[in-house]
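A.B. asks: Handing you a structure now.
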């Protein structure tokens with residue numbers, strides 16, 4: 001049988017920015033995961049869509065690089081957290097600060113959750129074709 005320390009260690013996922021200046025740890029307890037195709041997420045990531053996983057904000061901890069953070073938005077409300085050196089979008093703070101949307105591409109470890117749907121496909125990039133069988137929603141509530 002595994003010790004509680006081993007279980008705890010496996011339940012934490014590591015994430016970092018491109019240059020490594022910012023590192024975080026997050027519990028592998030995501031509540032939802034989606035692929036967002038809205039124009040804001042496309043511009044923030046430079047990609048066709050942003051795969052993200054939502055989790056209660058207190059389950060994400062900055063491990064390194066607090067002085068390397070660049071906050072885009074209202075730090076007391078909804079905002080994006082980037083590395084100020086390389087520009088990587090690490091996560092977004094949403095839902096009145098209660099949740100974080102972790103950009104799945106910044107995870108170094110594989111989470112147990114996978115995206116379950118595409119959202120905001122009404123504004124997706126016209127040059128991108130969704131080829132999987134996940135549900136597609138024009139918007140998201």
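The values are calculated or read from the model by the stated rules, or taken from the named source; none is laboratory data. Model, not experiment: these values are computed from the prediction. Reconstructed Cβ throughout: ideal geometry from the backbone, glycine too, with neighbour counts over all protein chains shown.
A.B. asks: From 77, 117, grab the single residue that is touching a strand residue (DSSP E or B) at 6+ places or on another chain (Cβ under 9 Å), at negative phi and without any contact (Cβ under 8 Å) to a residue 60 or more places away in the chain. Can you show your working first?
C.D. replies: Numbers: 117 fails: without any contact (Cβ under 8 Å) to a residue 60 or more places away in the chain.
From the options 77, 117, the qualifying one is 77.
A.B. asks: Something else: Which is outside any helix (DSSP H, G or I), surrounded by fewer than 13 Cβ atoms within 10 Å (Cβ to Cβ) and touching a residue at least 12 places away in the same chain (Cβ under 8 Å), of 33, 125? Break it down stepwise before answering.
C.D. replies: On the way: 33 fails: surrounded by fewer than 13 Cβ atoms within 10 Å (Cβ to Cβ).
After applying the criteria, what remains is 125.
A.B. asks: On to the next question. Has the range 62-78 got at least one residue that is outside any loop (DSSP other than H, G, I, E, B), within 20 Å of residue 112 (Cα to Cα) and modelled with pLDDT of 95 or more?
C.D. replies: Residues of the range 62-78 that are outside any loop (DSSP other than H, G, I, E, B), as a first pass: 62-64, 66-73.
This time we only want the ones that are within 20 Å of residue 112 (Cα to Cα), so: none.
So far as the range 62-78 goes, no, none of its residues is outside any loop (DSSP other than H, G, I, E, B), within 20 Å of residue 112 (Cα to Cα) and modelled with pLDDT of 95 or more.
A.B. asks: Then there is this: So the check is Cβ under 8 Å with 6+ separation or different chains; which pairs have a first residue in the range 86-113 that's at positive phi and without any contact (Cβ under 8 Å) to a residue 60 or more places away in the chain and a second one that's loosely packed, with under 13 Cβ neighbours inside 10 Å and outside any loop (DSSP other than H, G, I, E, B)?
C.D. replies: Close Cβ pairs (under 8 Å, with a partner that is loosely packed, with under 13 Cβ neighbours inside 10 Å and outside any loop (DSSP other than H, G, I, E, B)) do not exist here.
A.B. asks: Is the range 7-29 home to any residue that is within 30 Å of residue 127 (Cβ to Cβ), free of Cβ contacts under 8 Å to residues at least 40 places away in the same chain and in contact with a helix residue (DSSP H, G or I) (Cβ under 7 Å, 6 or more places away or on another chain)?
C.D. replies: No: zero hits.
A.B. asks: If we scan the range 72-79, do we find a residue that is buried (at least 20 other Cβ atoms within 10 Å of the Cβ), under 14 Å from the mean Cα position of the chain (by Cα) and closer than 30 Å to residue 126 by Cβ?
C.D. replies: Within the range 72-79, the subset buried (at least 20 other Cβ atoms within 10 Å of the Cβ) is none.
No: zero hits.
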